[in-house]
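Just below is one structure, and these are the notes that go with it.
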Amino acid sequence: VKSDCWHELAVQGLGPIMREVEDGIRRLGPDPVYVPAQGSPAAAAVDVPSWVTRPAPAEEDASPRIVSSLLAVATAAAEAGPRRDAAARRGIVIHRILQLLPDMPPDSRAALAQRLMARAGHAPEAAASVLAMLARPEMQDIFAAGGLSEIPLAVELPGLGKVIGRIDRLVVTPERILAVDFKTGQRVPAGPSDLDPAHVQQMAAYREALRRIHPGTAIVLALLYTEAPKLLILDDDLLDRAAHQIAVMRP
């Protein structure tokens, strides 16, 4: 490893701080709490190489861009507005609750959900709607113990390029693979024809990636709108059209 690479610079600069953090962590109940130690060491001085301050290369000289079904641009545009930060915080905590609760004992779920909501600045009672959603019959397969949460995905696809993403919930059985993406915004589509095209393209890219990873296995894609709540299964015709749109729009 080169002495002036980012990793080595981070180790030099943050090493003393991280050792102090490790020494100053104690546990209070189920959550780690950081307690600063006396006389925290300052970060070590680091000689910064000249390449750190050089401008980034022009796009034509840069490495090839990662293609992710146009999701990043579309999502950024959809979230614009004065309430974006509050909505984003709420979406993050709902994702966190849905990630953690399926593997928790049923009698511990409410307390954890309320605590996470309170930490995000919401009334603990705001967790009630998420807990009620998890109890619905159509959600049992999705949130059954043994399912997987926040699964990173990276694969090169012919015609689509590199698909990079994260599947919110993945349920793998011998019969099929079910991939579900959570949508926490206030807008809930009436049906498949009312879906945001960017969301459909996102799921089409995920489907193609999962087909490449698990050839011959049935792949089912769904969007879960947590505000309703509403679960929409995406049929193959809809996803086929979206995959074609990605290929056509790809730079």
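The table for this structure:
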read-out: Cα-projected label distance for Arg166 with Ile233, points at 7 Å along beta-carbon direction, nm; value: 2.8
read-out: Efficiency of FRET from Cβ geometry, Arg241 and Ser108, R₀ 41 Å, rounded to 0.05; value: 0.40
read-out: For segment 105-158, convex hull of alpha carbons as volume per residue, Å³; value: 139
read-out: Kirkwood-based shape ratio for segment 103-251, expressed as Rg/Rh from alpha carbons; value: 1.00
read-out: By accessible area with a 1.4 Å probe, ligands and nucleic acids excluded, highest first: order of Val130, Val172; value: Val172, Val130
read-out: 3J(HN,Hα) from dihedral phi, segment 233-249, Karplus parametrisation 6.51/-1.76/1.60, rounded to Hz, x for glycine, proline; value: 7, 9, 7, 5, 4, 4, 5, 4, 5, 5, 4, 5, 4, 4, 4, 5, 8
read-out: Packing-based order for 113-121, 233-241, using average beta carbon neighbours within 10 Å, highest first; value: 113-121, 233-241
read-out: Cα→Cβ-extended label distance, 7 Å offset, between Ala87 and Gln186, nm; value: 0.8
read-out: Normalised convex hull volume, segment 126-212, alpha-carbon set, Å³ per residue; value: 134
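The values are calculated or read from the model by the stated rules, or taken from the named source; none is laboratory data. Predicted model, so just to flag it, every value in this text is computed and none were measured. Virtual Cβ from ideal backbone geometry, glycine too; neighbours counted across all protein chains shown. Note: accessible area is taken over every heavy atom of the protein model, side chains too, but ligands, DNA and RNA are not part of it. Shrake-Rupley method; radii C 1.70, N 1.55, O 1.52, S 1.80 Å.
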